[in-house]
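Take a look at the structure set out below.
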Amino acid sequence: MAKKEAFSSYQSFVILGIAGLLFTVVLDYMLLPALSSTLLDQLHLSTQEFGLIASAYAVSAGISALLASGYADRFDRKSILLVFYTGFLLGILLCALAPGFSALLVARVITGAFGGVMASICYAMVADLFSLAQRGRAVGWIQMAFAASLVIGLPLSLFIAISFSWQMAYGMIAGIGVIALLLVVFLIRPLEKSSPESSSPWNHLFSNLKNPSYWTVYGANTLIVGGDVIFMTFNAAFLTNNLGIADSQLPYVYGAIGLTSLLAAPALGKLADRFGKWPVFVSGTLIAIAAVAVYAWGGIQTFEWVLGIHVGLFLGVNARMVAATALATAVPRTSDRGAFLAIDASIQQLAGGLAAAIAGWITFQALDGRLLHYPQIGTLVVVLMLLSTGMIFLVNARVEANPYSESD
C-alpha cells in the first residue's frame, strides 16, 4: 500500500486550471453524440453521414497529434497548450456558425485538429508535476472536468439546443472557453521543455514509435477508446427512438452520468493510488460489461432503468479511465513523455474516428426512426473491453517490473 503524498498549493492550482480547460474540450466531445437525434432530424442526415461528422473530429485530431508529437517535448508545454486551445475555440465558433452538413463537417475538422492534442499536453503536464504516488488522485480530480461537463454543461447545452438551436449550444461553449483560457494563462506557470533542441523532431517521433513497450499502451488505449466511442455515438438516438425517452429527458440521463463521475472519479483515483491501478481497472471493466450487456440486450423499458444502467456504466468507465491513464503516464521516460502522450492521443483519436464510422456501418435507421442492429453494438463493445483488459495487464506488469521507468 503506497504512502500518500499531499498536493502542494501550486499543484492544486494546476489541477484547477487544467480541469477548467478540459471541461470545454470534454463538453464539445460529448455534445455531438448527444445531439445525434436532433442533427439526424434537422439536417436530414443518414447514420453514415452522422458517423462521418463524428469521425471527422477524431481523424483530424489523430493526424494533428501525430504531426505535433515530434515537437511536444521541445517547447514549453504551457505555450503549446495556449496555441492549440485558441485554435480549438476558433473551431467551436465555426460550429456555432455552421448552417448545415458541409460547414459543420469542416468546423469539426478544425476543432479536432487543435482540440485533439490538448488532453495529451495536459496529462504530460500532470506527469511532469505529480509523482506516480500522486498521479491517480490528480487524474481523478481532473476527471471531474468530465463529470462537471455532464452534470452542468451537457444538460444546459441540450436545453439551449432544444429551446433555441443546436448552433447556440456551441456558442455557449465558446463563451465558457474564453474563461477557461484566462484560467490557464493566470494559474499555470511555464514549464521547461524536456527534450534537447539538438534532437530532430522527426527522430524524436520515430524513436518513440520504435519503442515496443510504448505500443502496449497505445494498443490498450485504442481498444478502450474504440469501445467507448462505438457505444456513445448513437446512444442518444437509441434512447429516443428505440426506448421512447423524450428529448426533454436526455439532460437527466447525462446529468446522472456526470454526477456519477463527479462523485466517483476522485474516490477512484484515491483507490488506485492506495490499492493499485490494475485492481481498479478490472473492477471497472466487470461493472461496465454488466451494464452494457443489460442495456444492449436486456430490453429496458423504464426511465429509472435507463438512469441506473448509465450510472453503473460510467462508474465502470471512470474506474477504467483513471487507472489506465495513471498507468500510461508511468511508462515513458521523462524526455519522451510529451511525444509519447501526443502519439497516444493521435492513435486514440484515429481509433475513435474509425469506431464512430464502424458504429454508423453497423447501425441502420428504420423508416419509423428506430435504430437496427444495436445488440451487435453491445457485443462488439464487450469484446473490446475484454481485449483492453488483457492489454492493461501487460502495461501494469511492465510498470511493476520497472518502478523507475519514468526517469531517464
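The values are calculated or read from the model by the stated rules, or taken from the named source; none is laboratory data. No experiment lies behind these values; they were computed from the predicted model shown. Cβ placement follows ideal geometry from the backbone for every residue including glycine, while neighbour counts extend to all protein chains displayed.
Counting the residues of the range 97-135 that are part of a loop (DSSP other than H, G, I, E, B) and either of a type in the set (Asp, Glu) or within 23 Å of GLY276 (Cα to Cα) (or both) gives 2.
Restricting the range 153-185 to residues that are farther than 21 Å from LEU43 by Cα and either acidic (Asp, Glu) or touching a Pro at 6+ places or on another chain (Cβ under 9 Å) (or both), the residue that is surrounded by the most Cβ atoms within 10 Å (Cβ to Cβ) is PRO155. Contact map, the range 258-279: first residue touching a residue at least 60 places away in the same chain (Cβ under 8 Å) and among the small types (Gly, Ala, Ser), second residue outside any helix (DSSP H, G or I) and surrounded by 21 or more Cβ atoms within 10 Å (Cβ to Cβ), Cβ cut-off under 6 Å, separation 6 or more or different chains; pairs are ALA265/GLN143.
Scanning the range 328-369 for residues that are out of contact with any Lys or Arg (no Cβ under 9 Å at 6 or more places or on another chain) and among the aromatic types (Phe, Trp, Tyr) yields TRP361, PHE364. Filtering the range 301-353 to residues that are closer than 20 Å to PRO212 by Cβ and among the hydroxyl-bearing types (Ser, Thr, Tyr) leaves THR329, THR334, SER335, SER346. Among the residues of the range 76-92, is any buried (at least 19 other Cβ atoms within 10 Å of the Cβ) and among the basic types (Lys, Arg)? Checked against the condition, which is being buried (at least 19 other Cβ atoms within 10 Å of the Cβ) and among the basic types (Lys, Arg), the range 76-92 yields at least one hit.
Selection of the range 329-360 for residues being of a type in the set (Gly, Ala, Ser), over 14 Å from the mean Cα position of the chain (by Cα) and at pLDDT 85 or above yields only ALA359. For the range 367-404: of the residues being assigned to a loop (DSSP other than H, G, I, E, B) and touching a helix residue (DSSP H, G or I) at 6+ places or on another chain (Cβ under 9 Å), which is modelled with the highest pLDDT? Out of the qualifying residues, it is HIS373. For the range 235-252, the tally of residues that are in a helix (DSSP H, G or I) and closer than 25 Å to ILE362 by Cβ stands at 9.
If I ask for residues that are charged (D, E, K, R) and in a helix (DSSP H, G or I), which ones from the range 206-234 would you list? Passing the criteria: only ASP228.
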